[in-house]
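Reading through the structure tokens given below for one structure.
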2 protein chains.
Amino acid sequence: MNFCSECGEKVRFAVPQGDDRPRYLCDACGVVHYQNPRIVAGTLPVSGSKVLLCRRAIAPRKGYWTLPAGYMENAETTQQAAARETREEACAEVALANLYTLIDLPHINQVYMIFRADLIGSFDAGAESEEVVLFEEHEIPWDTLAFPTIEETLRHYYADRCNGLFPLHIGTITPEDRERYFGSA
Amino acid sequence: MNFCSECGEKVRFAVPQGDDRPRYLCDACGVVHYQNPRIVAGTLPVSGSKVLLCRRAIAPRKGYWTLPAGYMENAETTQQAAARETREEACAEVALANLYTLIDLPHINQVYMIFRADLIGSFDAGAESEEVVLFEEHEIPWDTLAFPTIEETLRHYYADRCNGLFPLHIGTITPEDRERYFGSA
């Protein structure tokens, strides 16, 4: 951030009076520009013994496999966001079950929220997917998953499926976890 | 938003190519300025049969009672945010239990995440609180609660306490719910 989005003057990065961390401040109009984490909402769509994955057609991690998920938009709920992303990436309708994984990525200011869901009817590759496929557990492409959040969600799912209980799992992805996927970038 | 925060030129509000909703666009440098919901993280601090509430010393809803909660910051986890807000507003340490309420407020682009927590040790009014008090159920100031999210969380808590089970509750606050607190503003 270089300029005030309200008045167009230069901003500076400093701790406001009464605050305890630096913010982008506009001395011209007085606005403090707060920056906050973003929610990535998505689903784990299940059909019988199979799980739906999408092969990404866009960067980052083009060609790698993911659960349908993306940034939550203003004016929608978390569940609407999860269902919308599933519709956009997999052309699929789902019946949401419970919130299944809540994963913080503090180093990139993201919070993943993945809902377990039942796939309803057909599916197809959306604009951001090269292909969309239902996988049995032994077919999951563990070595070509797109993000550590996806791996963590799938590992919980197959561990929980033995018991038939799917409680919410809360976790944190570290820079080291992420490095396994993105290299040192 | 009036100006591009990257280059300082005027932005326009229009649907980008390949997108399906309007964004603030900078024709000068090409940046699309996405805007996303913010997380409000907090706790329901419990001490024996009592619940801790804070009387707000700041707007909005100055003088009304709330659970300790506030905007999640970049570079922290949801649980760190909930504990930090509790420390700041109630000078209290807590041991977090489960995520207890997840409440969407799509008309103001917020997602509340309240964790059930055990109060540890002492407490006091932080800078944003006029006073901090432990309440028995029959003492809860229902008519002077600050926000509908707080009322919803407390109602779930007292309903669940009979059973000793505290599952995650997911809900949505509508403009009508909010109007009961804020009037027609």
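The values are calculated or read from the model by the stated rules, or taken from the named source; none is laboratory data. Just so it is clear, the model here is predicted, and its values are computed rather than measured. Heads up, the Cβs are rebuilt from the backbone with ideal geometry, glycines too, and the neighbour counts pull from every protein chain shown. These accessible areas exclude ligands, DNA and RNA; they are computed on the full protein's heavy atoms, side chains included. Shrake-Rupley method; radii C 1.70, N 1.55, O 1.52, S 1.80 Å.
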Exercise. For a label point 7 angstrom out from the Cα of residue B:130 toward its Cβ, which stretches of the range B:140-154 have the backbone nitrogen within less than 20 Å?
Worked result: B:140-151
Problem set entry | Choice from A:43, A:86, A:172 showing the highest fluctuation, given a GNM over chain A with Cα pairs closer than 10 Å | A:172
For this session: Can you grab the distance from the C-alpha centre of the range A:2-19 to the C-alpha centre of the range B:92-134, Å, no decimals?
Result: 29
Problem set entry | Angle in degrees between helix B:148-161 and the longest Cα principal axis of chain B, rounded to the nearest 10 | 40
Exercise. So in chain B, what percent of DSSP beta bridges are antiparallel if you round to the nearest 5?
Worked result: 65
Exercise. Nearest 10 degrees, 0 to 90: what angle lies between the long axis of helix A:78-90 and the longest principal axis of chain A (Cα atoms)?
Worked result: 60
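Can you check what the net charge comes to around residue A:173, using other residues whose Cβ is under 15 Å from the Cβ of residue A:173 (Lys, Arg +1; Asp, Glu -1)? List each step's numbers first, then the result.
Numbers: positive: A:38, A:61, A:155, A:178, A:180; negative: A:104, A:151, A:152, A:176, A:177, A:179, B:76.
Neighbour charge sum, excluding residue A:173 itself: -2.
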Exercise. So, with a 1.4 angstrom probe, what is the percent of accessible area on the range B:42-81 that is carbon and sulfur?
Worked result: 48
For this session: Using the Cα centre as the reference, give the magnitude of the dipole from point charges on the C-beta atoms of the protein assembly as shown (Lys, Arg: +1; Asp, Glu: -1; all else neutral), rounded to the nearest 20 debye.
Result: 320
Seminar exercise, completed: Heavy-atom accessible surface buried between A and B, both sides counted, 1.4 angstrom probe, nearest 100 Å², is 3200
For this session: Just order A:148-159, B:6-17 by mean Cβ neighbour count inside 10 Å, highest at the front, would you?
Result: A:148-159, B:6-17
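For residue A:32 and residue A:155, calculate 0.36 nm times their separation in residues minus their Cα-Cα distance, and state this gained length in nm to one decimal. Could you put the intermediate results ahead of the total?
Numbers: separation 123, 0.36 × 123 = 44.28 nm, distance 4.15 nm.
Computed gain between residue A:32 and residue A:155 is 40.1 nm.
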Problem set entry | For residue A:127, inter-copy label distances in nm, listed shortest first [label point 7 Å out on the Cα-Cβ vector] | 4.5
Exercise. Do any cysteines of chain B lack a neighbour Cys whose Cβ is under 4.7 Å away, and which are they?
Worked result: B:54, B:91, B:162
For this session: For chain A, set up a Gaussian network in which alpha carbons nearer than 10 Å are linked by springs, and say which option among A:168, A:25, A:44 fluctuates the most.
Result: A:25
Exercise. How much net charge surrounds residue B:108 when only other residues with a Cβ under 11 Å from its Cβ are counted (Lys, Arg +1; Asp, Glu -1)?
Worked result: +1
Problem set entry | Candidates A:93, A:137, A:85: whichever shows maximal mean-square fluctuation once chain A is modelled as a Gaussian network with Cα springs under 10 Å | A:137
For this session: Give the nm distances, rounded to one decimal, from residue B:58 to the matching residue in every other copy, measuring between label points 7 Å along Cα toward the beta carbon; shortest first.
Result: 3.6
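Enter the accessible area per residue of chain A (Å², integer; probe 1.4 Å; all protein chains in place). Can you show the working numbers first?
Working: 8400 Å² over 185 residues.
Using a 1.4 Å probe on heavy atoms only, each residue of chain A averages 45 Å².
Normalising by the residue count of chain B, find the relative contact order in percent from Cα pairs under 8 Å and 6+ residues apart. Present the calculation step by step, with values, prior to reporting the outcome.
Details: 372 pairs, mean separation 38.3, N = 185.
With pairs under 8 Å counted, the relative contact order is 21 percent.
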Problem set entry | Net charge, residue B:75 excluded, C-beta distance under 12 Å - Lys, Arg +1, Asp, Glu -1 | -1
Exercise. Taking the label point as lying 7 angstrom from Cα along the Cα-to-Cβ axis, what are the distances from residue A:34 to the corresponding position in the remaining copies, in ascending order and in nanometres?
Worked result: 2.0
Problem set entry | Two-site label geometry, residue B:179 and residue A:87: point separation in nm, points 7 Å out along Cα→Cβ | 2.6
